Each structure stands twice: as C-alpha cells, then as structure tokens.
Amino acid sequence: MSLTFYFAPMSTASITEAVLAELAIPFDLVTLNISVGDTITAEFLKVNPNGRVPAIVHEGTAIWESSAITMYLGEVFGVEANLYPAPGPKRGEAMKWIAWSNVTFAEAASRLFASLPPEKQGDPETNVQEEVAPEMKSAIAMEKAKADLADCLSILNGGLEGRSFLIGDYSLADTHLQGIVGWIGSMEVDLAPFPNVTGWLQRCYERPAIARLMVG
C-alpha cells in the first residue's frame, strides 16, 4: 500500500492526523511549513491545486479536503476496524456530521478566528494565507460568529443527547468533529452551556490514539 500524508502543524491537517492515528495504518509523512510557502510550491500544487493541507495521495490518487479524506479513509480502512459504518443509514449519519462540521460549523469558526487580533490567533501556522477583509475584523463580525457557533454547538449538543458518541459507538465522525470543537475551545469559546458536548469531547480525548497525539 502506498499512502502519503501532507501535513502542517497547527492546521486542519491535525484532523487527518487524528484519523490516521485511530486507523493505525502505515503512511509516509510530508511535513510542510505554511508560513514559508511550502503549500504553494509547484510540487505541492500538483497534489492540491488549492495550495492547502491536508492532502493525501493513496495508490497514486490525490485526495484533498479534510472531510473527503476522513470519509474516504473510513470507507477504505475504517469499516473493518469498526471505526466507520458499512454502507447504509448509519454511514449516512456519519457522513452528515462530517460534512456539517466542515461546511457549517468550521465556516463559523473560521469567521471567529478571522475576527480575532493576531496575538489571540495562536501559532502562525494557523493563519490564513489570504488577507482578511477589514469588515471581518469588526466587533459585529465577532459577535455574529460567536452567535452562529452557539447555534452549531446547540445542534451538536442535541445530537449527542442520550448518546456517548455521534452515531452511538465511537467512529471517525467523532474523530473528525472533535478536532474542530477543540479548535474553537482554544479561541475561548465557552463550551460549558453544552454539557453533552463537553462530556463527549472528554471521551474523545480519552481515546488512546487521541491522547497520544495530545501529549506529542
């Protein structure tokens, strides 16, 4: 098997890193430095013309977008490992949460991140490469992003009602989403009003593969 993973620290590639850790499959790691332009070299743009991580190349085929990578790896490797559902309604439920986390939840999180002053944005690797429009830096934009995130967290809290994990048993949907929830926590978003989310996040962090990543 040939699998190459293109990674940058403190980026959304951390989601794919967690997925690969859970699957415990071999891969070749290519670490890129966003701040010096590693993701916009001609070589990397052949892998992902968007110039972003994460990306993987499996058996010669390049796949990008973290949600697509999670679902692909789940289909190919996760079913046998009991980390991803077989085709059917349960798989649809897992796909729903994975897609929602990128399309809706992460979009609001990105707007909050863009509204923060640089000193609160963390490691330079997390910084977006595009210039942020001035209106994205306003207090109004920040409050709107926080309100949208609260709505998303309410949806997630409801989805976890009576469940330890998103589709019942732990799956790569949980692996994927916990990375985004952890990110917004680092932006000082208060998760306390969402007890189902905080309990679920703690259970995710207790997974051996995730715990090992968190301690480096």
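Readers should treat all values here as calculations from the given coordinates under stated rules, not as data from a laboratory. Note that this is a predicted model, so its numbers are computed, not measured. Every residue, glycine as well, gets a Cβ built from its backbone with ideal geometry; the counts of neighbours run over all protein chains shown.
What's the tally of Lys pairs in the chain whose alpha-carbon atoms lie under 21 angstrom apart, where the two lysines are 8 or more places apart or on different chains? Please list the in-between numbers first.
Values: K120/K137; K120/K144; K120/K146; K137/K146.
So the count works out to 4.
Nearest 5 percent is fine: what portion of the DSSP beta bridges confined to the chain is antiparallel?
Antiparallel: roughly 70 percent of the beta bridges in the chain.
For the chain, with a Gaussian network of springs between Cα atoms less than 10 Å apart, report the residue from I184, I25, I69 with the top mean-square fluctuation.
I25
Work through the residues other than E59 whose Cβ is under 15 Å from its Cβ and net out their charges, Lys, Arg +1 and Asp, Glu -1.
Computed value for this residue: -2.
With labels modelled as points extended 7 Å from the Cα through the Cβ direction, what inter-label distance (nm, one decimal) is found for V79 paired with K96?
2.1
Let me know the charge dipole size of the chain about its Cα centre in debye, to the nearest 20, where only the beta-carbon of Lys, Arg (+1) and Asp, Glu (-1) is charged.
320
Stretch N50-D169 to full length: gain in nm at 0.36 nm per residue minus the Cα-Cα span?
The N50-D169 span can extend by a further 39.4 nm.
222 nm [θ] for the chain, helices only, -39500 (n - 2.57) per DSSP H run of 4+, per residue, to 500?
-14000 deg cm²/dmol
Just want to confirm a number: the relative contact order over the chain, from Cα pairs under 8 angstrom separated by 6+ residues, in percent.
On the way: 262 pairs, mean separation 47.8, N = 216.
Relative contact order, the chain: 22 percent.
Set Lys and Arg Cβ to +1 and Asp and Glu Cβ to -1, take the dipole of the chain about its Cα centre, and tell me which of V53, F105, M142 lies farthest positive.
Checking the options against the dipole of the chain, the answer is F105.
Which helices of the chain meet both criteria: a Cα extent of 20 Å or more along the helical axis and a mean Kyte-Doolittle score no lower than -0.5, with helices taken as whole DSSP H segments?
Length and hydropathy pass: 139-159, 172-186.
Please work out the C-alpha center-to-center distance from the range 1-61 to the range 140-186 and express it in whole Å.
The range 1-61 and the range 140-186 have Cα centres spaced 24 Å from each other.
Excluding Y170 itself, what net charge comes from residues whose Cβ is under 9 Å from its Cβ, given Lys and Arg +1 and Asp and Glu -1? Walk me through the intermediate numbers first.
Working: positive: R203, R207; negative: E22, D169, D174.
Local net charge: -1.
Tell me, what is the FRET efficiency for I140 and D190 to the nearest 0.05, using R0 = 30 angstrom and their Cβ-Cβ distance as r?
So the FRET efficiency works out to roughly 0.95.
Taking R0 as 22 Å, what FRET efficiency do you get between A211 and A147 from their Cβ-Cβ distance, rounded to the nearest 0.05?
Efficiency, from the Cβ-Cβ distance: 0.10.
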